[in-house]
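S.K.: Next up is a structure, given as structure tokens.
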């Protein structure tokens, strides 16, 4: 198979959810497919119904930031995740441990329910991972 992942499909699901998300978290170790909508994937007998750029554009249009979290050190993944996050007003970060993932999920949930004050309280008490750039 190919190295790239079906990121476009995941983003399409987020864009078409009945309840509009306030943010999208994407965790992965490989970049999205680079083919565009309507093109055949080079390693599969599958034609893309959408592409990651179109889905990021839709997230941005809806003011839904995409936060990307890379596992591993692949340069193509880092570049793609940074571009996707920036295009939606989100952020791209590296995940190095389970503690990093726990911090990310907790801070996103706290931001959703209580805003930055709860996030700062969490950081002060439990922080293992700096979420700010």
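S.K.: Exactly one condition in (1) assigned to a helix (DSSP H, G or I); (2) under 19 Å from the mean Cα position of the chain (by Cα); (3) free of Cβ contacts under 8 Å to residues at least 40 places away in the same chain is false for residue 36; which is it?
M.R.: (1)
S.K.: Residue under question is residue 45, and the condition is that it be surrounded by fewer than 18 Cβ atoms within 10 Å (Cβ to Cβ), farther than 23 Å from residue 16 by Cα and either under 12 Å from the mean Cα position of the chain (by Cα) or modelled with pLDDT under 95 (or both); does it hold?
M.R.: yes
S.K.: OK, next. Report, by residue number, each residue of the stretch 20-33 that is in a loop (DSSP other than H, G, I, E, B), touching a residue at least 40 places away in the same chain (Cβ under 8 Å) and under 16 Å from residue 3 (Cβ atoms). Walk me through it before giving the result.
M.R.: Within the stretch 20-33, the subset in a loop (DSSP other than H, G, I, E, B) is 20-23, 29-31, 33.
Keeping just the survivors that are touching a residue at least 40 places away in the same chain (Cβ under 8 Å) gives 20-23, 29-31.
Once the filter is applied, which keeps residues that are in a loop (DSSP other than H, G, I, E, B), touching a residue at least 40 places away in the same chain (Cβ under 8 Å) and under 16 Å from residue 3 (Cβ atoms), the stretch 20-33 yields 29, 30, 31.
S.K.: Restricted to the stretch 88-105, and to residues that are assigned to a helix (DSSP H, G or I) and under 14 Å from residue 23 (Cβ atoms), which residue is modelled with the lowest pLDDT? Working first, answer last.
M.R.: So the first thing to find is which residues in the stretch 88-105 are assigned to a helix (DSSP H, G or I), and the list is 88, 98-105.
Add one more test, that the residue is under 14 Å from residue 23 (Cβ atoms), and what stays is 88, 104-105.
Numbers: 88: 98, 104: 81, 105: 84.
Once the filter is applied, the top-ranked residue is 104.
S.K.: Name the residue, out of 105, 71, that is in contact (Cβ under 8 Å) with a residue 12 or more places away in the chain and closer than 14 Å to residue 24 by Cβ.
M.R.: Being in contact (Cβ under 8 Å) with a residue 12 or more places away in the chain and closer than 14 Å to residue 24 by Cβ holds for just one of 105, 71, which is 105.
S.K.: Right, here's the next one. Can you report the number of residues in the stretch 6-16 which are assigned to a loop (DSSP other than H, G, I, E, B) and either within 16 Å of residue 90 (Cβ to Cβ) or at pLDDT 95 or above (or both)?
M.R.: Selection size over the stretch 6-16: 1.
S.K.: Next question. Output the number of residues of the stretch 81-100 satisfying the condition of being touching a strand residue (DSSP E or B) at 6+ places or on another chain (Cβ under 6 Å), crowded, with 17+ Cβ neighbours inside 10 Å and in contact (Cβ under 8 Å) with a residue 24 or more places away in the chain. Walk me through how you get there before you give the answer.
M.R.: Just the residues of the stretch 81-100 that are touching a strand residue (DSSP E or B) at 6+ places or on another chain (Cβ under 6 Å), to begin with: 81-82, 84-85, 88, 90-95.
Subsequent filtering for residues that are crowded, with 17+ Cβ neighbours inside 10 Å retains 81, 84-85, 88, 90-93, 95.
From what is left, the residues that are in contact (Cβ under 8 Å) with a residue 24 or more places away in the chain are 81, 84, 88, 90-93, 95.
Matching residues across the stretch 81-100 total 8.
S.K.: Is there a residue in the stretch 54-63 that is part of a loop (DSSP other than H, G, I, E, B), in contact with a strand residue (DSSP E or B) (Cβ under 9 Å, 6 or more places away or on another chain) and modelled with pLDDT of 90 or more?
M.R.: no
The values are calculated or read from the model by the stated rules, or taken from the named source; none is laboratory data. Since the structure is predicted, the reported quantities are computational estimates derived from the model, not experimental observations. Glycine also receives a Cβ, built like all others from the backbone with ideal geometry; neighbour counts cover every protein chain displayed.
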